[in-house]
Every structure is written in structure tokens, then in C-alpha cells.
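The values are calculated or read from the model by the stated rules, or taken from the named source; none is laboratory data. Computed from a predicted model, the values in this text were never measured in an experiment. As a convention, Cβ positions derive from the backbone with ideal geometry for all residues, glycine included, and neighbour counts pool all protein chains shown. The area values use the complete protein model at the heavy-atom level, side chains included, leaving out ligands, DNA and RNA. Shrake-Rupley method; radii C 1.70, N 1.55, O 1.52, S 1.80 Å.
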Amino acid sequence: MNRKLVAALEDCLQALQAGATLEQALAEHPAFAARLRPLLEIAVMERERGNAPVPENAGTRSRVRVLAAASRLRGRRFSMMDRPVLRRLAVSLAVAVFLLAGGSGLLSASATSLPGELLYPFKRSVEDLRLVLTVDQEKKVEIEDQLYDLRIDETDTLLEENRVVWVDFDGILEQQTGSGWVVSGIPVVIDAQTEVEGVLQPGAQVEVRGVTQTGGQVLAERIRVEERDQSGEDGDPEEERDATPEADQDDPPDPTGQESDRSSDSGDDAEQPDPTETDDD
Amino acid sequence: MIAQSILKPIFLGVMDKSALMNRLDPQAVAGIFDRYYPQVFRFVRYRLADEYQAEDIASEVFVRLLEAIQAQRGPERNLRAWLFSTASHLVNDQMRSRYRRQGEQLRDSHPADDPHLDEHVQSRQERRALAAGLRKLTGEQQNVLALRFGAGFSLEETSAIMKKNVNSVKQLQFRALAALQRTLGVER
């Protein structure tokens with residue numbers, strides 16, 4: 001093979017890449033112009049074919065798939081909603097022991113941590129503990145509401161800082177968008193791979209698990225409608241207790257914790273559902 | 001930023017697999033994905049001329065990377081070369097499965113379904129001819145064109161990924177274009 005011809009082809013390709021026209025590129029190698037011209041014409045077409053932009057949706061879908069695979073491979077559960085209650089209580093107990101041993105500095109340092117940061121699991125465990133130790137039901141609901149707001153604020157901050165992190169939060173479906181929903185002010189994208197539980201409709205309370213995206217949205221891996229207990233928070237706690245069969249106290253807690261979470265006004269501490277099942281790593 | 005300092009050696013194409021294993025947090029994986037996915041996607045799309053299959057295969061390349069690292073058999077030195085080698089294998093598998101499907105028409109017409117490609121190629125007939133012509137080349141010839149014109153790599157980058165010297169890549173791309181010219185019947 002003629003090495004000069006081969007080298008001339010590369011020269012011309014580089015010239016075209018730099019913005020030269022076909023004629024300008026060939027002018028540098030007049031001796032090979034006739035041989036190179038058809039090859040360069042094909043090269044130009046092939047480069048145009050290859051330069052087509054990557055569809056944004058394709059990249060987004062692939063990103064979720066890869067991040068989910070990474071999470072799976074690390075042995076993480078995608079959703080902390082399935083985490084065993086006993087394990088979480090054990091973590092809380094460990095935190096209690098730690099605090100008693102003088103971990104207040106760490107406590108204050110973790111207060112402003114965000115998902116994905118080193119101290120964040122500690123922060124969530126402290127929250128767990130706080131809820132477990134709160135006996136008064138009204139106070140417990142108040143704390144839960146504060147924590148729901150905090151999860152939203154954390155997610156907002158992550159989106160503002162363009163971080164890519166797994167998050168989970170509870171919120172209200174406010175408005176449907178072209179790509180998903182706005183959940184308590186957070187744009188949530190739902191795609192074909194999103195696991196949807198329940199019927200999504202405005203006003204529904206949902207639990208969202210997903211990954212923050214640099215575009216200011218959360219790409220949902222899972223979104224679940226929380227079914228409110230019909231006898232729930234609007235009812236009279238005393239009536240509630242009276243109406244509850246004693247046998248219920250021996251029932252295992254609801255694995256999802258959702259209904260009992262909102263309606264458990266019986267005051268029976270031994271049977272309290274895990275109030276923070278939406279915890280994160 | 002810590003993440004940047006962690007990912008810097010990966011971006012350079014040199015990495016320590018045990019270190020990367022420790023970095024399989026979402027931020028690190030997203031960094032690798034964002035850095036390489038567009039090129040991998042373009043490489044695969046160029047070879048298959050099918051955006052849907054390109055999406056599947058390109059994401060599969062990254063899933064295979066994570067699985068390989070977890071199994072302690074990930075790339076030792078050159079992450080980029082590993083990614084494109086894996087992509088090439090997956091494309092070849094896909095092509096073989098296409099041919100096995102008896103009676104099924106090859107999807108040469110798929111580029112016509114892609115609005116982005118429509119903007120860049122002059123005519124549907126040309127696209128079909130180019131995509132069909134590309135399949136008649138050898139695997140290496142397809143790869144060199146896909147790396148140069150699909151993924152947009154320089155001669156030197158292509159050389160590193162294909163693990164060939166620069167002169168060999170020059171000759172290979174010359175042969176590839178000449179072969180494509182012959183298959184298109186436009187030899188002058």
C-alpha cells in the first residue's frame with residue numbers, strides 16, 4: 001500500500017475535522033486528489049452520520065439503569081422501605097449508646113449533612129431514635145411532618161448543587177408534567193423503568209425513591225401512593241382505641257408501615273410501627 | 001472537589017480496579033457514565049444504525065463494567081479501551097443474532113426512523129447504502145470507522161483503543177473507506 005497515499009488521507013481527514021472544505025483539503029495533496037476524493041466524500045457522509053446527537057431520553061434511561069446496577073452490586077437495597085424494623089431499631093440503639101458516650105460533636109456536625117455524605121446515615125439514625133423515644137402521638141406526628149419537610153429541603157439542595165445521589169422523600173402529587181409529576185415542589189421524572197405502585201392523581205400522597213439529576217429533577221426508580229387509613233388522623237384517638245380489637249395488638253406491624261404510621265393513635269408503644277421506614281443510607 | 005480528584009485518573013484512562021470498586025457510589029459511577037456514555041452510544045449506533053439497540057447495548061456496556069469490577073476482572077489499565085472492546089463484542093453478538101433471525105428483514109431502514117439522522121444525511125437512500133455497506137466490511141474495519149466517525153476519536157486515541165500503532169490504524173482506515181467505496185459502487 002502506498003504509504004504516502006495513506007498518510008495523505010489522514011492529513012485530509014484532519015483538515016476536514018478542523019473545518020476545511022473538501023477542495024481545500026485535497027489542494028494540499030494534488031497528486032492524490034483523484035484517488036482521495038471519493039474516499040473523503042464517504043468520510044464526510046460517515047462523519048455526519050456519526051455526529052448525530054445522543055437522544056437525551058436514551059442517556060437518561062441508560063443512566064438510571066447503570067446507577068441501579070451499581071446500587072444492586074453494592075448489595076444495597078433500592079428501597080429502605082423494605083428494611084427490617086429490628087435492624088433499624090438496632091441502629092438507633094447503637095446511636096443512643098454512642099450519644100450517651102459523648103457523641104454530641106458528631107451529632108451537631110451531622111445535622112446539616114445531605115444524602116450521599118458520610119454523616120448522613122448517622123443523622124437519619126438520630127432521627128429514628130428521636131421518633132422511637134417520642135411517646136406522645138401528637139408530638140410524634142409533628143416530628144414526622146418536620147422530617148418530611150426536611151427530606152424535601154435536602155432534595156432541593158441536592159438539585160441546586162447538581163449532585164447525583166439516591167434520595168427518598170414523601171410528598172404530595174401537585175401537578176402532572178410532560179415527563180412525570182411535581183411532588184411537593186420537586187420535579188420527578190417517571191420513565192418506563194420506574195416502578196409505580198398505586199394510581200397517581202393530584203393530591204395523592206406518595207413515597208418517592210430516585211436519583212437526583214443534574215437537570216434539576218429526580219428520576220424516580222420507585223413511586224408509591226400511600227393509602228391513608230380511613231380511620232386515620234382525622235378520627236378521635238380515644239374512639240380509635242376503643243374500636244380497635246385487642247387482638248390487633250398481637251398482629252405484626254404492617255411491613256410497609258404506611259397505614260399504621262398515620263393512624264397509630266392507640267398509645268401502645270410496644271406495637272408502634274416503625275415510623276421512619278423511608279430512611280436512606 | 002474530592003469526586004474530581006478521585007475520577008481524574010479514570011478519565012485519563014488509567015485506573016486501579018480495586019480502587020474503582022470502592023468508588024461504586026452513585027456519584028462516581030455517574031461520573032464515569034457521563035464521561036464515556038455519549039461516545040459509546042455513538043460508536044454502537046454507528047455500527048448498528050439503530051438508536052434503540054444502541055441505547056440498550058451502550059448501557060449494557062456499563063453494567064458489564066460494574067459486574068466485571070465486582071468480579072475482580074475489570075480493566076487493569078485502560079478503561080476506555082475496555083469499554084469499546086466490550087461494546088464491539090456486544091455489537092458483534094447483536095449482528096449475529098440479527099442474521100440468525102431467518103426471514104426477518106435487516107433493519108437497514110432504521111436510520112430513516114431517526115429524526116436526528118435525518119438532519120445530517122442527505123438522503124434516505126444514501127443512509128441505507130452506507131449502513132448496508134458498512135456491514136460488509138470486516139469487524140476491524142467497521143470498528144476503525146466507528147471510532148473515528150462515530151465516537152469521534154482522533155487517530156492517536158483510536159490507536160490506543162484498538163491497541164495498534166498509528167500507522168496500522170491509518171492503513172486500516174484507508175482500507176475500510178476503500179472497501180466501503182467499493183461496496184457502494186462509487187469507485188471512480
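Numbers for the structure displayed
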{"read-out": "Criterion (of a type in the set (D, E), open to solvent by less than 40 Å² (accessible area, probe 1.4 Å) and either at pLDDT below 80 or closer than 20 Å to A:A68 by Cα (or both)) met by exactly one of B:D114, B:D25", "value": "B:D114"}
{"read-out": "Test: B:F153 is touching a helix residue (DSSP H, G or I) at 6+ places or on another chain (Cβ under 9 Å) and touching a residue at least 12 places away in the same chain (Cβ under 8 Å)", "value": "yes"}
{"read-out": "Meets criteria (crowded, with 18+ Cβ neighbours inside 10 Å, under 25 Å from A:S108 (Cβ atoms) and modelled with pLDDT of 90 or more) for A:L158", "value": "yes"}
{"read-out": "Segment A:16-63, residues that are crowded, with 20+ Cβ neighbours inside 10 Å, touching a His at 6+ places or on another chain (Cβ under 7 Å) and at the interface with chain B (Cβ under 8 Å from one of its Cβ atoms)", "value": "A:R49, A:A52"}
{"read-out": "Scope segment B:136-165; condition open to solvent by 50 Å² or more (accessible area, probe 1.4 Å) and assigned to a helix (DSSP H, G or I); matching residues", "value": "B:E140, B:E156, B:E157"}
{"read-out": "Count of segment B:76-111 residues which are on the phi < 0 side of the Ramachandran plot and at pLDDT below 80", "value": "15"}
{"read-out": "Qualifying residue in segment B:48-55 (condition: of a type in the set (S, T, Y) and more than 11 Å from the chain's Cα centre (by Cα))", "value": "yes"}
{"read-out": "Selected residue (criterion: modelled with the lowest pLDDT) from residues of segment B:118-135 that are assigned to a loop (DSSP other than H, G, I, E, B) and more than 7 Å from chain A (Cβ to nearest Cβ)", "value": "B:Q122"}
{"read-out": "Sole exception among (1) at pLDDT 90 or above; (2) under 14 Å from the mean Cα position of the chain (by Cα); (3) more than 14 Å from every other protein chain (Cβ to nearest Cβ) for A:T194, by number", "value": "(1)"}
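Here is a yes/no grid of residues against (1) at pLDDT below 85; (2) farther than 30 Å from A:L133 by Cα:
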{"residue": "A:A27", "(1), (2)": "no, yes"}
{"residue": "A:P30", "(1), (2)": "no, yes"}
{"residue": "A:R37", "(1), (2)": "no, yes"}
{"residue": "A:L40", "(1), (2)": "no, yes"}
{"residue": "A:A43", "(1), (2)": "no, yes"}
{"residue": "A:R47", "(1), (2)": "no, yes"}
{"residue": "A:A70", "(1), (2)": "yes, yes"}
{"residue": "A:M81", "(1), (2)": "yes, no"}
{"residue": "A:P84", "(1), (2)": "yes, no"}
